[in-house]
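Reviewing the structure listed below.
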Amino acid sequence: MQHKDRQLLFSSMVGLIEDVYGSAARCQLDAALRERLTTQLDDFLLESQPVLRTEVTILIADLRGFTALMESFPTHIMVEVLNRFYGLMAQVIERHGGVIDKFMGDSVMALFGAPVRRADDLLRALACAVEMQMGMAEMNRRSEGRGEPSLYAGIGVSTGDVMAGSFGSRVYSEYTVIGDPVNLAARIEGYSLRGQVLISETSYRGARGHIDVGAVNEVMVKGKSNPVTLYELKGVTYPIPLAVPEIEIRKSPRIMVDFPVVFRKVEAKRILAERFVGKVNDLGYYGLSADLPLILPPYSEVLMSLTPELGAENTVEVYARVLRSSGNPGSYRTNLQFTAIDTPGHRKVKQYVDQMLWGP
């Protein structure tokens, strides 16, 4: 990649940020992106590289509910917390010997095994994922003290053979990887809950002597004819023991309720038009239980429209992910975790729970 290509890469990324978050965000993030990406693109990556087949572990970390938070807080505050997220991710990735492939809006993609392959690429990637969640927990503790919103990331990890090298033309090119493991990492990340790390079957098999896992689920992902097995990474023992911080889903009061809720599925961050109605049974600060007319896969995302029974003049909307679903045809008891915290919808839910417990 020549100097002019590098400039085009920077301009493209910063331009995308301006489109999404405004010119103020562009000014504040421009210098930060240049500083962080320069290290990653120097030396090897700045020279055009042939496309080669190699095994790589791909890590994708994506912020949960960031779009909803952008609507709830001043832009300059969200730019600051997003910048801290980028900085944290870059530091952790570099510490574990990974390479930032790209920043994508409110997510980051990192490579372990390209452009340089090492014997412990997979184990370093998994340790990186755990430390990312540890860093997020510490960042949130500091943000709380400043009165700023907490950020939660979902992380997906996939390992496999990809084509790695410089893709593009003489006008613009960049070093990246393409292949099914890249697409799978993105699908896996899409199923992860806030604060969670999910890994693929291949990643699990390659590291199972050095990791602790929790829940194991089979899900259907786009582009795959058979179910894909996802493993929840709870901790690693290499290079040192590290554990994913627990995000306590039910660590809040729960109240019994009985009112309707309208659901819409969310796929690839797109809200689908079809609506279906369920009934909420119990409600807490961070999630709820509802009876639904259809079964929803674990980790699938929905947008819920709660009725004015919460005390709001208008409908309250909250994003959530499915934890589990069971029951008989026509009525499925479904447990959901709220995706975005500190949004107007979430604050209204918390206020309602408090009023029902302790009065106005």
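The values are calculated or read from the model by the stated rules, or taken from the named source; none is laboratory data. Quantities reported herein were computed from a predicted structural model and do not represent experimental measurements. Cβ placement follows ideal geometry from the backbone for every residue including glycine, while neighbour counts extend to all protein chains displayed.
Looking across ALA114, ALA110, ALA127, one residue alone is crowded, with 19+ Cβ neighbours inside 10 Å, outside the structural domain of TYR299 (by TED's automatic domain parsing), small (Gly, Ala, Ser) and in a helix (DSSP H, G or I). It is ALA127. Say whether the condition of being of a type outside the set (A, V, I, L, M), over 19 Å from the mean Cα position of the chain (by Cα) and either surrounded by fewer than 22 Cβ atoms within 10 Å (Cβ to Cβ) or assigned by TED's automatic domain parsing to the domain that holds THR343 (or both) is met by at least one residue in region 147-157. Looking through region 147-157, at least one residue is of a type outside the set (A, V, I, L, M), over 19 Å from the mean Cα position of the chain (by Cα) and either surrounded by fewer than 22 Cβ atoms within 10 Å (Cβ to Cβ) or assigned by TED's automatic domain parsing to the domain that holds THR343 (or both). Counting only residues that are under 19 Å from PHE112 (Cα atoms) and at pLDDT 95 or above, region 132-161 holds 9 of them.
VAL182 falls short on exactly one of the conditions (1) over 24 Å from PRO245 (Cα atoms); (2) assigned to a helix (DSSP H, G or I); (3) touching a helix residue (DSSP H, G or I) at 6+ places or on another chain (Cβ under 9 Å), and that condition is (3). Residues that are assigned to a strand (DSSP E or B) and at pLDDT 95 or above are absent from region 62-75. Listed here are the strands (runs of 3 or more DSSP E) enclosed by region 274-360 that have at least 3 residues being of a type in the set (Gly, Ala, Ser) and over 21 Å from LEU151 (Cα atoms): 316-328. Pairs under 8 Å by beta carbon, first residue under 23 Å from TRP358 (Cα atoms) in region 237-258, partner β-branched (Val, Ile, Thr) and at pLDDT 85 or above, six or more apart or different chains? Within 8 Å, the pairs are VAL257/VAL280; ASP258/VAL280. Among the residues of region 291-307, just one is among the small types (Gly, Ala, Ser) and either out of contact with any Ser or Thr (no Cβ under 6 Å at 6 or more places or on another chain) or closer than 11 Å to GLY327 by Cβ (or both), namely SER300. Considering region 205-247, and only residues there that are within 16 Å of ARG324 (Cβ to Cβ) and of a type in the set (Asp, Glu), the residue that is farthest from the chain's Cα centre (by Cα) turns out to be GLU218.
Among LEU283, LEU272, which is the only one that is out of contact with any Ser or Thr (no Cβ under 9 Å at 6 or more places or on another chain), modelled with pLDDT of 85 or more and not assigned by TED's automatic domain parsing to the domain that holds GLU55?
Just one listed residue meets the conditions, LEU272.
Look at (1) modelled with pLDDT of 95 or more; (2) under 24 Å from TYR86 (Cα atoms) and you find that LEU193 fails only one, number (1).
The set of residues in region 216-236 being crowded, with 16+ Cβ neighbours inside 10 Å and either assigned to a strand (DSSP E or B) or among the hydroxyl-bearing types (Ser, Thr, Tyr) (or both) consists of ASN217, VAL219, VAL228, LEU230, TYR231, GLU232, LEU233, LYS234, GLY235, VAL236. Restricted to region 185-209, and to residues there that are out of contact with any strand residue (DSSP E or B) (no Cβ under 8 Å at 6 or more places or on another chain) and in a loop (DSSP other than H, G, I, E, B), the residue that is surrounded by the most Cβ atoms within 10 Å (Cβ to Cβ) is ARG208.
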